[in-house]
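Asks: Sharing a structure below in structure tokens format, with a few things to ask.
The values are calculated or read from the model by the stated rules, or taken from the named source; none is laboratory data. It should be emphasised that the depicted structure is a prediction, and the values quoted were computed from it without experimental measurement. Note: ideal-geometry Cβ built from the backbone for every residue, glycine included; neighbour counts use all protein chains shown. SASA here: full protein model, heavy atoms, side chains in, ligands and nucleic acids out. Shrake-Rupley method; radii C 1.70, N 1.55, O 1.52, S 1.80 Å.
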Amino acid sequence: MRLPRLFRRAPPPRVAATLYDAVVAHGRQPHWYLDGQVPDTLDGRFDMIAAILAMVMLRLEGEGAGAAPAASLAECFVDDMDGQLRQIGFGDMVVGKHIGRMMAMLGGRLGAYRDGLADGSLEAALVRNLYRGVEPDAHALVYVAAHLRRLRAALATVSVDDLLAGKLPE
């Protein structure tokens, strides 16, 4: 590590840092893994947080004032994933590639969940993305789909300012 890097100040917090923390906390709630049978693994937690993040980003993209917060939210995601990968032990040479893949995965999920909410195929999108092709029992799939639909609908009633303050509906 270069010496100047050791002494530089930390960048100011991102605009959507509090919102991102709320997204992560929401995605780590035990009910997703117990009742929803989302695998409680690194991949499963990534997929669940990506699903919640997608619902919030879909809410933000529906409003002109949501563009900058959505970009900041994506930056928070990148910052977090970068730190997580480094903590696991990935080095500088491969972190960028993994972050690129994770961003592509998030983008794919965003499109799949947007389409799934619009055309009624959310369950199929969840099996492909959240459960990575392994269909859970019917109750678990219905549980997660219903909770994500309720979350998405409830998000429509929350202002961008409240979202940025980390106020996610339950």
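Asks: So what is Rg over Rh here for segment 30-77, counting just Cα atoms and using Kirkwood for Rh?
Replies: For segment 30-77, the value is 1.10.
Asks: Summing +1 for each Lys or Arg and -1 for each Asp or Glu, what net charge is found among the other residues whose Cβ lies under 11 Å from the Cβ of residue 132?
Replies: Around residue 132, the charge tally is -2.
Asks: Another one. Alpha carbon centre of segment 43-66 versus segment 116-147: separation in Å?
Replies: Using only Cα atoms to place each centre, the spacing works out to 16 Å.
Asks: Restricting to Cα pairs below 8 Å that are 6+ residues apart, what does the relative contact order work out to for segment 12-170? Please round to a whole percent.
Replies: 34
Asks: Further question on the same structure: Check every DSSP H run in the chain and write down those whose alpha carbon atoms cover 20 angstrom or more along the long axis and whose mean Kyte-Doolittle hydropathy is -1.0 or greater.
Replies: Helices meeting the span and hydropathy rule in the chain are 42-61, 67-88, 92-119, 138-155.
Asks: So, taking all protein chains as they sit and a 1.4 Å probe, how much accessible area belongs to residue 31, in Å² rounded to tens?
Replies: Ignoring ligands and nucleic acids, residue 31 comes out at about 40 Å².
Asks: Something else: Which option, (1) 16.8; (2) 17.8; (3) 15.9, is the value of Kirkwood radius over Cα pairs in Å that was calculated from these coordinates?
Replies: Read-out from the structure maps to (1).
Asks: Send over the Kirkwood Rh of segment 68-148, from the inverse of the averaged 1/r over different Cα pairs, rounded to one decimal Å.
Replies: Hydrodynamic radius (Kirkwood, Cα pairs) of segment 68-148 is 14.3 Å.
Asks: I would also like to ask the following. If you take the beta carbon distance between residue 82 and residue 149 as r and set R0 to 41 Å, what does 1/(1 + (r/R0)^6) give as a FRET efficiency, to the nearest 0.05?
Replies: 0.85
Asks: Which value, in Å to one decimal place, does the Kirkwood hydrodynamic radius take for segment 117-170 when every pair of different Cα atoms is included? Don't skip to the answer; put the middle values down first.
Replies: Details: mean 1/r = 0.0809 Å⁻¹.
Across segment 117-170, the inverse of the average 1/r is 12.4 Å.
Asks: Moving to a separate point now. Compare 52, 99, 88 by solvent-accessible area with a 1.4 Å probe and give them largest first, with all protein chains kept in place.
Replies: The ranking, largest first, comes out as 88, 99, 52.
Asks: Once you have the Cα-Cα distance between residue 61 and residue 31, take 0.36 nm times their residue separation minus that, and quote the gain in nm to one decimal.
Replies: My answer for the length gained is 8.1 nm.
Asks: Here's a follow-up. Fully extended, how many nm does the chain gain between residue 21 and residue 98 (0.36 nm per residue separation, minus their Cα-Cα distance)?
Replies: This chain segment gains 25.6 nm when fully extended.
Asks: Which whole-number value in Å² is the accessible area per residue of the chain, probe 1.4 Å?
Replies: About 54 Å² of surface per residue is accessible.
Asks: Leaving ligands, DNA and RNA out of it, report the carbon-plus-sulfur percent of the accessible area of the chain at a 1.4 Å probe.
Replies: Carbon and sulfur atoms account for 58 percent of the accessible area of the chain.
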